[in-house]
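For reference, the structure is listed below as structure tokens.
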Amino acid sequence: DQQVKQNSPSLSVQEGRISILNCDYTNSMFDYFLWYKKYPAEGPTFLISISSIKDKNEDGRFTVFLNKSAKHLSLHIVPSQPGDSAVYFCAASALTGNQFYFGTGTSLTVIP
Amino acid sequence: KAGVTQTPRYLIKTRGQQVTLSCSPISGHRSVSWYQQTPGQGLQFLFEYFSETQRNKGNFPGRFSGRQFSNSRSEMNVSTLELGDSALYLCASSLNLQGTDYNEQFFGPGTRLTVL
């Protein structure tokens, strides 16, 4: 049972435009969410996180939005750069747990 | 500070064999988690260890096992390999996943296992 879902396997965006990656979750106990970026032949690297007490967290070109009522989060990348081309995973966990649940990933291609 | 290291990076085995993968966490990190990544399935959680104790286990058969040593290094073992076990196995470490501290996980480069 996939508790974290990324329904778009791939996304293509022009350089300089905004990239929006979406993620949905089903478990209302989740209260901490993260985005990871993965290049081929490397492990995922942490990008940005947000706790459920916030609805937005920003770090440079990356902003994560959380809509708890809709159980939805999104990652905005502005402006998109060719080096952003990678697979992006969202992950979620609960304070009382000790496990992260990952989505299936979205492959982002930024076209120069 | 050195990152998470995994050995070997690549491995080829045949059906029925067993395999042991190794993970060295970031110094000071006591939590180690293992994941299996296959195309279209994302990262599937295998198990998590903290202070040599398995705290959580995913929905994998008993052929998948692990352990953690006193220096926090961890090993994962898969016995009686099947073709479907071919995947990228990722190890991740963090200070602690449980309690009031939210700590992101730092991943190693993974071990690419191919079962023929």
For this session: Could you identify the single residue in B:L21, B:L83, B:L11 that is more than 8 Å from every other protein chain (Cβ to nearest Cβ), more than 25 Å from A:G103 (Cα to Cα) and either in contact with a strand residue (DSSP E or B) (Cβ under 7 Å, 6 or more places away or on another chain) or among the aliphatic types (A, V, I, L, M) (or both)?
Result: B:L11
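Got a sec? Which of B:Q68, B:Q41 is within 14 Å of chain A (Cβ to nearest Cβ) and touching a strand residue (DSSP E or B) at 6+ places or on another chain (Cβ under 8 Å)? Give the steps one after another, and end with the answer.
Values: B:Q41 fails: touching a strand residue (DSSP E or B) at 6+ places or on another chain (Cβ under 8 Å).
Sole residue among the options that is within 14 Å of chain A (Cβ to nearest Cβ) and touching a strand residue (DSSP E or B) at 6+ places or on another chain (Cβ under 8 Å): B:Q68.
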For this session: For region B:9-35, enumerate the residues that are of a type in the set (S, T, N, Q) and modelled with pLDDT of 95 or more.
Result: B:T14, B:Q17, B:Q18, B:T20, B:S22, B:S24
Exercise. Do we have B:Q6 as in a strand (DSSP E or B) and at pLDDT below 95 here?
Worked result: no
Exercise. Residues in region A:77-86: is at least one buried (at least 18 other Cβ atoms within 10 Å of the Cβ) and touching a Pro at 6+ places or on another chain (Cβ under 7 Å)?
Worked result: no
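Go over the candidates B:G40, B:G62, B:G58, B:G16 one by one and state the one that is free of Cβ contacts under 8 Å to residues at least 24 places away in the same chain and touching a Ser or Thr at 6+ places or on another chain (Cβ under 7 Å). Step through it out loud before you land on a result.
Details: B:G62 fails: touching a Ser or Thr at 6+ places or on another chain (Cβ under 7 Å); B:G58 fails: touching a Ser or Thr at 6+ places or on another chain (Cβ under 7 Å); B:G16 fails: free of Cβ contacts under 8 Å to residues at least 24 places away in the same chain.
After ruling out the rest, the residue left standing is B:G40.
When region B:2-50 is examined, which residues are found to be within 12 Å of B:S74 (Cα to Cα) and open to solvent by 50 Å² or more (accessible area, probe 1.4 Å)?
Hits for region B:2-50 are B:T5, B:T7, B:T20, B:R30.
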For this session: Could you tell me whether any residue of region A:77-91 is within 14 Å of chain B (Cβ to nearest Cβ) and over 22 Å from B:L90 (Cα atoms)?
Result: no
Exercise. Is region B:52-62 home to any residue that is buried (at least 18 other Cβ atoms within 10 Å of the Cβ) and under 13 Å from the mean Cα position of the chain (by Cα)?
Worked result: no
Problem set entry | Check on A:K68, without any contact (Cβ under 8 Å) to a residue 24 or more places away in the chain and over 17 Å from B:G40 (Cβ atoms) | yes
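Among the residues that make up region A:87-110, is at least one of them part of a strand (DSSP E or B), more than 17 Å from A:Q6 (Cα to Cα) and open to solvent by less than 50 Å² (accessible area, probe 1.4 Å)?
Looking through region A:87-110, at least one residue is part of a strand (DSSP E or B), more than 17 Å from A:Q6 (Cα to Cα) and open to solvent by less than 50 Å² (accessible area, probe 1.4 Å).
The values are calculated or read from the model by the stated rules, or taken from the named source; none is laboratory data. Since we're looking at a predicted model, the values are computed, not measured. Neighbour counts run over all protein chains shown; Cβ positions are idealised from the backbone, glycine included. These accessible areas exclude ligands, DNA and RNA; they are computed on the full protein's heavy atoms, side chains included. Shrake-Rupley method; radii C 1.70, N 1.55, O 1.52, S 1.80 Å.
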